[in-house]
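The next block holds one structure in the form of structure tokens; read it before the comments.
What follows draws every value from the coordinates through simple rules; no lab data is involved. This is a predicted model, so every value here is computed, not measured. Please note: Cβ atoms are built from the backbone with ideal geometry, for glycine as well, and neighbour counts cover all protein chains shown.
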Amino acid sequence: MKKSVATLLISKMDQLSTPLIKGSLFIIFFWFGVLKPLGISSAQELVLDTVYWMPFLSPNAWLDIIGYWEMLIGICFLFKRTIKYALVLLFLQMAGTFMPLFILPHITFQEGMIPYAPTLEGQYIIKNIIIISAAMVIGGRTLRKTQA
């Protein structure tokens, strides 16, 4: 029986989607992470303004740690055996990523328009919802296969 073009496309998308999402998560986390310890991240000021209150280390040291943490998340998404670690690290990191929406609303929302009109920084943070969703898809697909 001859397969339709739509059936072939659906099959190909299903086949390629997991590796493409994993590769995308690696690129985003590793690339943006490595910029932080190098001191060339466009998010540097936002991160420093967010972590100023954290104990034990200076804000700049926390910036480096967050960068290395993000690189580790990216690397962990590359291998089936480390997906579960990537998910734990990602969810912990994302809790911190959303903090500026609450502690720096003057930076993350347009003046007088909280919570309706995010600034570019606010949009940068809010778009992480898709990263969380993609990570959950990868976690569900990968961990389901390892339990079967």
**Request:** Quote the charge dipole size of segment 1-104 about the Cα centre in Debye, to the nearest 20; the model charges only the Cβ of Lys and Arg (+1) and of Asp and Glu (-1).
**Result:** 800
**Request:** Determine the distance separating the Cα centre of segment 113-131 from the Cα centre of segment 3-44; give it in Å without decimals.
**Result:** 21
**Fill in**
Loop-resident trypsin sites (Lys or Arg not before Pro) in segment 1-83 with no more than 16 other Cβ atoms inside 10 Å, DSSP not H/G/I/E/B, are K2, K3
**Message:** Projecting each Cα onto the charge dipole of segment 20-147 (Lys/Arg +1, Asp/Glu -1 at the beta carbon, about the Cα centre), which of Y68, L46, M99 comes out farthest on the positive side?
**Reply:** Y68
**Request:** Please turn the phi angles of segment 56-65 into ³J(HN,Hα) values with the Karplus equation 6.51 cos²θ - 1.76 cosθ + 1.60 (θ = phi - 60°), one per residue in order, whole Hz, x for glycine and proline.
**Result:** 6, 10, 6, x, 5, 5, 5, 4, 4, 4
**Fill in**
Dividing the mean separation of Cα pairs under 8 Å (6+ apart) by the residue count of the chain yields a relative contact order in percent of 22
**Message:** Here are labelled values, [x] -0.61, -1.09; [y] -0.51, -1.06; [z] -0.42, -1.00, and one is the computed log10 I(q)/I(0) by the Debye sum over Cα atoms at q = 0.11, 0.18 Å⁻¹ for what I pasted. Which one?
**Reply:** [y]
**Request:** Using amide H atoms built 1.01 Å from N in the peptide plane, name the residues 5+ places from F109, or on other chains, whose amide H lies under 5 Å from its own.
**Result:** T119
**Request:** Could you work out the longest stretch of the chain that avoids the chymotrypsin sites (Phe, Trp or Tyr not before Pro) located in DSSP loops with at most 13 other Cβ atoms within 10 Å?
**Result:** 1-51
**Complete:** Residue by residue through segment 3-15, the couplings from Karplus 6.51 cos²θ - 1.76 cosθ + 1.60 with θ = phi - 60°, in Hz, x for Gly and Pro, are 7, 6, 4, 4, 5, 5, 5, 4, 4, 5, 4, 4, 5
